[in-house]
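All remarks here apply to the structure that follows.
What follows is calculated from the coordinates using simple rules that are stated; it is not laboratory data. Bear in mind that the values here come from a model prediction, so they are computed numbers and not experimental data. Heads up, the Cβs are rebuilt from the backbone with ideal geometry, glycines too, and the neighbour counts pull from every protein chain shown.
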Amino acid sequence: MAYDYQTVHALEGTIGAVSERRANHLSVHRASAIASVLAAPGRAAEAAGILVASGEFEARFVAPGEWLVLSDVHAPETLGAELSVRLGDFAFVVDQSHGRVALTLAGPDAARILANGIGADLHIDAFPVGRAANVLCNHLSVNLARTGGDRFGIVVTRSFAGALVDDLKVMARSHELSVDFDTR
Amino acid sequence: MASLITCPHCGTRPKEEFSIRGDATPVRPAPMAPDEAWNDYAHVRANPRGRIREHWQHVSGCRRWLVVERDNFTHEVFAVTDATESRGGAR
Ligand SMILES: [Zn+2]
């Protein structure tokens, strides 16, 4: 028996009803190319070098020798294969494009909003632009990256995306926050 | 309980991000060691007050196993190192 499968975003139908844009905006990426990269034993330096050398990837730190790699250049369908070719025996690659949801929180209160649920120091000196780490946001473990002075990238497992957005709305209750997909 | 742990990989984090396995000092006996040695290793623990070494895992962060050296009376944390450092940092 043949089935027709449709790609449905984890947050489809739960956000975007209000089109008004406020001072702080949580943008949910509609289609993200994401892969998990784990360096082979003793090969973390080589794998990191390859990821950095190519301008096509954004490698976000997860743990020593482990990164979440995002790409604007490559499609979700091809990122895993592109990474595997470049990294060879230096690392193991697992596609996460449909397993994770990527979000961007930007605005003058972005760090304050996150501080309502995250127990890490997010001051620009302690968590500078380019830094990334896994953090606990309320009860969810998410990958947080600072991509600008008042701009953060968040990657969360797909099934927790709804709970995370709900949490972020509560965390932003004292601030102006709008939520929508990056493309309609 | 020490409430802030500085993970060598992730930075300073609340203790809620970690899970604690327990004493990091017992040394695993050889596979064919006498039953008494295995019994001591598996079941017998000192209950010291003061400076102790424990295995903590940063479950909500880098997921690495760490050795936390802390004082269970004053809650002071002296050192947090990756558990692999005791065998040369190999991974
Ligand atoms: Zn950590």
Say we join alpha carbon atoms closer than 10 Å with springs in a Gaussian network model of chain A; which of A:PRO64, A:PRO128, A:PRO108 then has the biggest fluctuation?
A:PRO64
Can you sort A:VAL94, A:VAL156, B:VAL27 so the residue with the fewest Cβ neighbours within 10 Å comes first?
B:VAL27, A:VAL94, A:VAL156
Between the range A:97-137 and the range A:59-76, how far is it from one alpha carbon centroid to the other, in angstrom?
16
Expressed in nm², what is the orientationally averaged projection area of the convex hull enclosing the Cα positions of the protein assembly as shown?
20.1
Give me P(r) over chain B, computed from all C-alpha to C-alpha distances, binned every 10 Å, as integer percentages.
16, 43, 31, 10, 0
Taking chain A as a Gaussian network, where each spring joins two C-alpha atoms under 10 Å apart, which residue of A:GLU12, A:GLU66, A:GLU56 fluctuates the most?
A:GLU12
Once you sort the root eigenvalues of the Cα gyration tensor of the range A:1-122 as a ≥ b ≥ c, which label holds: rounded (a/c under 1.5), prolate (a/b larger than b/c) or oblate (the other case)?
oblate
For B:ARG49, A:ARG112, B:ARG21, what ranking results if the residue with the fewest other Cβ atoms within 10 Å of its Cβ goes first?
B:ARG49, B:ARG21, A:ARG112
tail above 23 Å in the computed P(r) of the range A:56-184, as % of all Cα-Cα pairs, reads 33
Quick one: which of B:57-64, A:23-30, A:4-11 comes out on top by average Cβ neighbours within 10 Å, and what's the full order, highest first?
B:57-64, A:23-30, A:4-11
Give the dimensionless ratio obtained when the Cα radius of gyration of the range B:38-91 is divided by 2.2 N^0.38 Å.
1.31
Mind listing the phi-derived Karplus ³J(HN,Hα) values for the range B:32-47, rounded to whole Hz, using 6.51, -1.76 and 1.60 with θ = phi - 60°, and x for any glycine or proline?
9, 5, x, 4, 4, 5, 5, 4, 4, 5, 7, 10, 8, 10, 6, 10
Translational D in µm²/s for the range A:33-95 (Stokes-Einstein at 4 °C, 1.567 mPa s, Kirkwood Rh from C-alpha pairs):
117
Once you charge only the Cβ atoms, +1 for Lys and Arg and -1 for Asp and Glu, what is the size of the charge dipole of chain A about its Cα centre, to the nearest 20 debye?
320
Could you work out, residue by residue across B:10-17, how many beta carbons of other chains sit within 10 Å of that residue's beta carbon, and then give the average as an integer?
5
Share antiparallel - DSSP beta bridges, the protein assembly as shown, percent rounded to 5:
90
